[in-house]
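Read through the structure below, which is laid out as structure tokens, and then see the notes.
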Amino acid sequence: MNESLQSLKGEIEEQRNGSIASTIRWFIEKEVDDGQTFTNQDIHRHTHTYTLLAEAEKTRRINNVSTILHRIKDEGLIEKVRGGRQGIWKKRKQRALIVDWWNASGVPIDVWLPLDITSQVKVYPKNIILASGGWDGGKSAFCLETAIKNMDKFEIDWLLSEMGRDELKVRIEKCELTEEELTMLREKVTIMECSHSFEDLVEPDRFTIIDYLSAPGGEAFLVKNTLDAIHEKLTSGVCVVSLHKNYGSDYSYGGQRVYDAPRIVVTMENGVAKLVKAKNWATESNPKGKIMHFKLVNGHNFIPQGLWHHKEDEEDAGITKRRTFGSVT
């Protein structure tokens, strides 16, 4: 009798594990996009590990989920994400998109960027432009002026992660826009609150502004994953992203690898902008490393103080000494 009962329990447990394995596989195949990351916690939420199971069952389920995910990894459907905390996975790409380069126009997009950046670097479809600065470096000002100066040419999605509507209204009022411009701003710029999963709200063929991109779950290394996901999603659209950086550093929160996907990276600190990355030159001269001094007026208006130049050529650029200007984001 005991042997029969033990055999029955074994069959029930095998059925349970088989059912959970099928549920996990369905979740990965249907709910997770190619290249997208997910965590053990996502699986537990999907299978109700913490809400429906008794304490004794939870530990067994957690171990089973881990075993099943490693089996699926061995099949090649997913892979572990290296660096950072445990239990993060990425669904591997199953099919690559063929690039029909012969049908491309090869023409840069007529995008306006602060500080005449496009005089140094061209912007093409699918490009990410990253503006990086400290708490008072000018990040939000960069996004605001970019939205205002491009709204006559593009329909823009602006994702806000920290600024509320009252603060935003005060900033917009400082811009002293005409009634016509305010109407255009309301009609052509869709402003949405977003603090995570930014890539989900990026439309492939639209002009998107993200102010600012915060680290998912506080994990700095995941900033790169978010930018990579945005880049993969873009087709004919472009995305301007602001990101925090530490003072005195050229690199943003998340380290050097964060700059892999963006084609243009400009840092801003103490009234000095620097082109840290500039892939598509607008002139015969490499703009990487060039700087420009600027003033920031009324929280949105960047006033150049001289030209883009390499630091050693400051005298030729009309700047005889380093100057520091106060600014607000």
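The values are calculated or read from the model by the stated rules, or taken from the named source; none is laboratory data. All of these numbers come straight from a predicted model, not from anything done at the bench. Don't worry about glycine lacking a Cβ; one is built from the backbone with ideal geometry, like all the others, and counts go over all protein chains shown.
Can you tell me which residue is surrounded by the most Cβ atoms within 10 Å (Cβ to Cβ) among those in segment 89-119 that are farther than 18 Å from Thr235 by Cβ and among the hydrophobic types (A, V, I, L, M, F, W, C)?
For segment 89-119, the residue satisfying everything is Ile117.
Looking only at segment 194-208, which residues are under 10 Å from the mean Cα position of the chain (by Cα) and in a loop (DSSP other than H, G, I, E, B)? Working first, answer last.
As a first pass, look at segment 194-208 and keep what is under 10 Å from the mean Cα position of the chain (by Cα): 196-199, 202.
Scanning segment 194-208 gives His196, Ser197, Val202.
Look at Thr267 and say whether it is among the β-branched types (Val, Ile, Thr) and in a strand (DSSP E or B).
Working: among the β-branched types (Val, Ile, Thr): yes; in a strand (DSSP E or B): yes.
Spelling it out, Thr267 is indeed among the β-branched types (Val, Ile, Thr) and in a strand (DSSP E or B).
Given the condition at pLDDT 80 or above, under 32 Å from the mean Cα position of the chain (by Cα) and not polar (S, T, N, Q), answer yes or no: does some residue in segment 47-64 qualify?
Within segment 47-64, one or more residues are at pLDDT 80 or above, under 32 Å from the mean Cα position of the chain (by Cα) and not polar (S, T, N, Q).
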